[in-house]
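Peer 1: Quick one: the structure is below, and I'll ask about it shortly.
The values are calculated or read from the model by the stated rules, or taken from the named source; none is laboratory data. The shown structure was predicted, so the numbers you read here are calculated from the model rather than taken from an experiment. Don't worry about glycine lacking a Cβ; one is built from the backbone with ideal geometry, like all the others, and counts go over all protein chains shown. Please note that ligands, DNA and RNA were not included when accessible areas were found on the heavy atoms of the full protein model with its side chains. Shrake-Rupley method; radii C 1.70, N 1.55, O 1.52, S 1.80 Å.
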Protein chains: 2
Amino acid sequence: MQTAAAVADFRTYPKICDLAQVQVQADQLLVQWADGRVSPFHHQWLRDNCPCPECVYSVTREQVLEIVDVDADLSATFARIDQGNLSVEWSGGHRSRYDPGWLRAHAYDDESRAERRAAKPKPRLWDSQLQLPVFDYSAVMEDANALLQWLLALRDGGLTQIRGVPTEPGSLALVARRIAFIRESNFGVLFNVQSKADADSNAYTAFNLPLHSDLPTRELQPGLQLLHCLVNDANGGESIFVDGFAIASALRQEDPEAFQALCEIPVEFRNKDRHSDYRRLAPIIALDAMGDVAEIRMANFLRGPFETSVARMPLLYRAYRRFIGMTREARFRLVKRLNPGELWCFDNRRTLHARNAFDPGSGARHFQGCYIDRDELLSRILVLQR
Amino acid sequence: MQTAAAVADFRTYPKICDLAQVQVQADQLLVQWADGRVSPFHHQWLRDNCPCPECVYSVTREQVLEIVDVDADLSATFARIDQGNLSVEWSGGHRSRYDPGWLRAHAYDDESRAERRAAKPKPRLWDSQLQLPVFDYSAVMEDANALLQWLLALRDGGLTQIRGVPTEPGSLALVARRIAFIRESNFGVLFNVQSKADADSNAYTAFNLPLHSDLPTRELQPGLQLLHCLVNDANGGESIFVDGFAIASALRQEDPEAFQALCEIPVEFRNKDRHSDYRRLAPIIALDAMGDVAEIRMANFLRGPFETSVARMPLLYRAYRRFIGMTREARFRLVKRLNPGELWCFDNRRTLHARNAFDPGSGARHFQGCYIDRDELLSRILVLQR
């Protein structure tokens, strides 16, 4: 019987603290650490997480054991600290060994869980006074640390700019692929933002576009949007950004009833042309399991008619007007003209974007855009941080 | 002032019923229909949905009016039924005209909303006795109605098979593109399911794979999976399917406490190799706003250690063991060997799939797969139904 302490993962788990003592109880082990913390681990949980090569396939580091194949009343017949590891023998004879760094990182006593929750990255809210985080194209393309700094700024602040990007069409794909593959949509892998006579969205006109997220018409709005300026000779067309999380947070303070309505009442967003008909019903503000704002979904020009009870309709209009009103307040708005070779990259589910109307008669204007999901951003950060 | 009854949409809205009467009240109109139904429409709602060419850009059929630019206390100065349409004049002078088919389709009185809710497609649950819906490749490729029938079977039943698909590598992309573009992942646009020495997932070994959904490690699991058999000369490797919605529904009946735990306690799924590190925390069963089961997220080999309070851990293990136990019950399982030229297409967020271990020494086995999102499926159905 092999009892390797190998970890079913590609991460490393530095030892935070020594194991001091272990005590076998009816359905759990009570582990005491050198710093005094006590972590209970249920027998089922420990057996489920046995890292030995019989339970985890060493090439993929994926589990082959299914816990349902172990008795529900399995118990430890023996447990001790052995060369710093936790060593357990189970009824039935299987043996497991657990690395103290891994064990501490996965302990689920209240203190350990609170510690991990507190260590999670939090969004840094911003307003019109934001010092825009600007990165250099060559650095991001060549240096892993510059790349990581850019991605952390994106994750936590939700709005960044890259300068010095070549102005050949398609260059933004080079930047995107530093993160991962691009997320295709019905507008293509890369989309061209230009004024067109046969526009299939108001985005492809010269109109002003109010503050919005892209593709609120889909179950999952794209996580990141890259928007690259190739040519910008037209009058007007400035980019405008607001931190949707900052607005939601202010609304929560200033008008909790309106905030609640936007969290609870789903709204339909629609994107339709001759070849497609996308519809998605979802609230404008989505909260995560902890009650924190996780997403804003908003594009007035893609919104369908409101549908809620007659009694709640006035509240929904009041809340919606209030939210849109706030996106127009100077305190939240960052206005900036994008120049050729510059590229916006922002969190499309947080940072709402808009553009002023432009005059297509005054000169050419050509932007290219693409999307990447938050999953890719977070994966890339984790790999760079290994 | 133009007052076209044009609809801000590409759909048609047949007239269900004539408008009979309209009455102006303080903040709403009371519309009475010829069949006696009474539908209140708030002034704000009607003004917001004015379909005239000043309010909606006729090329894109997207709204240019923003309701926040209209007074919050706007009211109708005049309303009447005019050539079958509802005609309104607003304080400030703007005039709007509403088509009765459109108005009935968007009325939000309780009766109208209940009627629409009842008309929504519902999943048809199935078990081991399922008569597998099989479609013909040529028909699906050439005939719009055959395509629609296939897509409706997928939407409502979640498991279909297509036969007569060419066995050249890449052929499944032709089938996929009948729906829409393919959703790429870190495993590529098309992925090859073959036993590999340097596997980056247990899917690419010859092991048996327990019942699972693909990419539970992502915020949005792919909606549809296509799995196409090119070569299948190896012993073993039969496909197994269960209706995850049917199992969740049975669990809800048989063990409500376990069902509740799987809806409430988030579980981390992980997919990691040398180049990526995907992690997603979400419950195994997701409910929609109506409390109906909307999604199953499950892959034991990609699951991270459970993390919940010490008090709830035994309940989570009990619930998880029970759910996995049910996926193994004969009453739910459909077992079928896929032959060359056959293709599974199933709802990856509902229909769990598995395969028996196979013997790579006994012959070659080569499947290709790809993903498409539910958004594309639903859009395609809506366009085909126009």
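Peer 1: For helix B:110-119, what angle does its Cα long axis make with the longest principal axis of chain B, in degrees from 0 to 90 and rounded to 10?
Peer 2: 30 degrees
Peer 1: What does the average come to when, for each residue of peptide A:55-61, you count the partner chain Cβ atoms lying within 10 Å of its Cβ? Write down the numbers at each step before the final one.
Peer 2: On the way: counts 0, 1, 6, 0, 9, 14, 6.
The shielding value for this peptide is 5.
Peer 1: Going by the alpha-carbon gyration tensor, a ≥ b ≥ c the square roots of its eigenvalues, is the stretch A:229-332 rounded (a/c under 1.5) or, if a/c is not under 1.5, prolate (a/b greater than b/c) versus oblate?
Peer 2: Because a/c hits 1.5 or more and a/b fails to exceed b/c, the stretch A:229-332 counts as oblate.
Peer 1: Evaluate Rg over Rh across the stretch B:134-385, taking Cα atoms for both radii and Kirkwood's formula for Rh.
Peer 2: Radius of gyration over Kirkwood radius for the stretch B:134-385 works out to 0.96.
Peer 1: Please quote Rg/Rh for the protein assembly as shown to two decimal places, taking the Kirkwood radius as Rh and restricting both calculations to Cα atoms. Don't skip to the end; give the middle numbers.
Peer 2: Working: Rg = 28.2 Å, Rh = 28.6 Å.
Here the Rg-to-Rh quotient is 0.98.
Peer 1: Shifting gears a bit: Taking a ≥ b ≥ c as the square roots of the Cα gyration tensor eigenvalues, with a/c under 1.5 meaning rounded and otherwise prolate when a/b beats b/c, else oblate, which class fits the stretch A:180-252?
Peer 2: Verdict is oblate for the stretch A:180-252.
Peer 1: Would you kindly find the accessible area of residue B:297, with a 1.4 Å probe and non-protein molecules such as ligands, DNA and RNA excluded, rounding to the nearest 10 Å²?
Peer 2: Answer for residue B:297: close to 10 Å² accessible.
Peer 1: Further question: Which chain A residue puts its Cβ closest to the axis that rotates A onto B, and at what distance in whole Å?
Peer 2: Axis-proximal residue of A, distance in whole Å: A:220, 2.
Peer 1: Please report the antiparallel percentage of the DSSP beta bridges confined to the protein assembly as shown, to the nearest 5.
Peer 2: Working: 132 of 138 bridges.
Counting only bridges with both partners in the protein assembly as shown, antiparallel ones make up about 95 percent.
Peer 1: Also, I was wondering about something else. List, in the order given, every pair from A:336/B:272; B:120/B:272; A:272/B:15; A:122/A:272 whose Cα-Cα distance in the structure shown is over 31 Å.
Peer 2: A:336/B:272; B:120/B:272; A:122/A:272
Peer 1: Sorted by accessible area with a 1.4 angstrom probe, largest first, how do A:269, B:187 fall?
Peer 2: Result, largest first: B:187, A:269.
Peer 1: Enumerate the residues in the stretch A:116-142 having an amide nitrogen under 19 Å from the point lying 7 Å beyond the Cα of residue A:174 toward its Cβ.
Peer 2: A:135-142
Peer 1: Now for a different question. What's the local net charge at residue B:139, with K and R +1, D and E -1, over the other residues with C-beta under 12 Å away?
Peer 2: Here the charged neighbours net out to -1.
Peer 1: Which sequence of A:126, A:150 reflects their accessible areas, 1.4 Å probe, from the largest down? Write out the running numbers ahead of the final one.
Peer 2: Values: A:126 20, A:150 0 Å².
So the residues, ranked largest to smallest area, are A:126, A:150.
Peer 1: Using a Gaussian network model of chain A with C-alpha springs under 10 Å, which one of A:213, A:249, A:112 is most mobile by mean-square fluctuation?
Peer 2: Its mean-square fluctuation being the largest, the pick is A:112.
Peer 1: Something else now. Within the set of other residues whose C-beta is less than 9 Å from the C-beta of residue B:322, count the net charge using Lys and Arg as +1 and Asp and Glu as -1.
Peer 2: Numbers: positive: B:318, B:321; negative: B:254, B:255.
With Lys, Arg at +1 and Asp, Glu at -1, the net is 0.
Peer 1: Taking each label point as 7 Å beyond Cα in the direction of the beta carbon, state the distances from residue B:54 to the same residue in the other copies, shortest first, in nm.
Peer 2: Spelled out, the distances from residue B:54's label point are 8.0 nm.
Peer 1: Here is a further query. Place a +1 charge on the Cβ of each Lys and Arg in the stretch B:28-151 and a -1 charge on the Cβ of each Asp and Glu, then give the dipole magnitude about the Cα centre in debye, rounded to the nearest 20.
Peer 2: On the way: 13 positive and 19 negative charges, 67 e Å.
Here the size comes out at about 320 debye.
Peer 1: Could you please state how large a percent of the accessible area of the stretch A:19-114 is carbon and sulfur, counting protein chains only and using a 1.4 Å probe? Show your work: numbers first, answer last.
Peer 2: Values: 1610 of 3870 Å².
With neighbouring chains kept in place, the figure for the stretch A:19-114 is 42 percent.
Peer 1: If you put a point 7 Å past Cα along the Cβ direction, how far is that point for residue B:23 from the same point in each other copy, in nm, smallest first?
Peer 2: 7.6
Peer 1: Same structure, new question: If each label sits 7 angstrom from Cα along the C-beta direction, how far apart, in nm, is residue A:311 from its counterparts in the other copies?
Peer 2: 3.4
Peer 1: Could you let me know the centre-to-centre spacing of the stretch A:53-127 and the stretch A:10-42, using Cα atoms, in angstrom?
Peer 2: Each part's Cα centre sits 10 Å from the other's.
Peer 1: Residue B:15: accessible area at probe 1.4 Å, nearest 10 Å²?
Peer 2: 130 Å²
Peer 1: Any idea of residue A:141's accessible area? Nearest 10 Å², probe 1.4 Å.
Peer 2: About 50 Å², rounded to the nearest 10.
Peer 1: Rounded to the nearest 500, what is the 222 nm mean residue ellipticity of the protein assembly as shown from helices alone, with -39500 (n - 2.57) per DSSP H run of 4+ residues and division by all residues?
Peer 2: Here the helix-only value at 222 nm equals -7500 deg cm²/dmol.
Peer 1: Same structure again: Could you report the buried accessible area between A and B, both sides summed, computed with a 1.4 Å probe and given in Å² to the nearest 100?
Peer 2: Result for this pair: about 7600 Å² buried.
Peer 1: Would you be so kind as to identify which of B:81, B:118, B:53 lies farthest towards the positive end of the dipole of the stretch B:47-128, taking Lys and Arg as +1 and Asp and Glu as -1 on Cβ and the Cα centre as origin?
Peer 2: B:118
Peer 1: OK, next. Report the FRET efficiency, 1/(1 + (r/R0)^6), for residue B:38 and residue B:249, where r is their Cβ-Cβ distance and R0 is 30 Å, rounded to 0.05.
Peer 2: FRET efficiency, residue B:38 to residue B:249: 0.20.
Peer 1: Let me ask something else about it. Keeping every protein chain in place, order A:57, B:371, B:137 by accessible area at 1.4 Å, biggest value first, i.e. largest first.
Peer 2: Largest accessible area first, the list is A:57, B:137, B:371.
Peer 1: Just how far, in whole angstrom, is the stretch B:352-386 from the stretch A:312-340 if you go by their alpha carbon centroids?
Peer 2: Centre-to-centre (Cα) distance: 42 Å.
Peer 1: Sticking with this structure for a sec: Once you average over the residues of A:63-70, how many Cβ atoms of partner chains fall within 10 Å of each Cβ?
Peer 2: For this peptide, the per-residue mean of nearby foreign Cβ atoms is 6.
Peer 1: With charges set only on the Cβ (+1 for Lys and Arg, -1 for Asp and Glu), what does the dipole of the stretch B:134-385 come to about its Cα centre, in debye to the nearest 20?
Peer 2: In total the dipole reaches around 480 debye.
Peer 1: Here's a follow-up. Rolling a 1.4 Å sphere over the protein heavy atoms, what is the accessible area per residue of chain A, to the nearest Å²?
Peer 2: 39 Å²
Peer 1: Calculate how many DSSP beta bridges within the stretch B:134-385 are antiparallel, expressed in % of all such bridges and rounded to the nearest 5.
Peer 2: 95 percent
Peer 1: Alpha carbon centre of the stretch B:138-155 versus the stretch A:236-310: separation in Å?
Peer 2: Here the two parts' Cα centres lie 34 Å apart.
Peer 1: On full extension of the chain, what length is gained from residue A:148 through residue A:134, given 0.36 nm per residue of separation minus the C-alpha to C-alpha distance? Intermediate values should be presented prior to the final figure.
Peer 2: Numbers: separation 14, 0.36 × 14 = 5.04 nm, distance 1.34 nm.
Taking residue A:148 through residue A:134 to full extension adds about 3.7 nm, to one decimal.
Peer 1: Around residue B:94, with a cut-off of 10 angstrom between Cβ atoms, what is the net charge of the other residues, counting Lys and Arg +1 and Asp and Glu -1?
Peer 2: Net charge in that neighbourhood comes out at 0.
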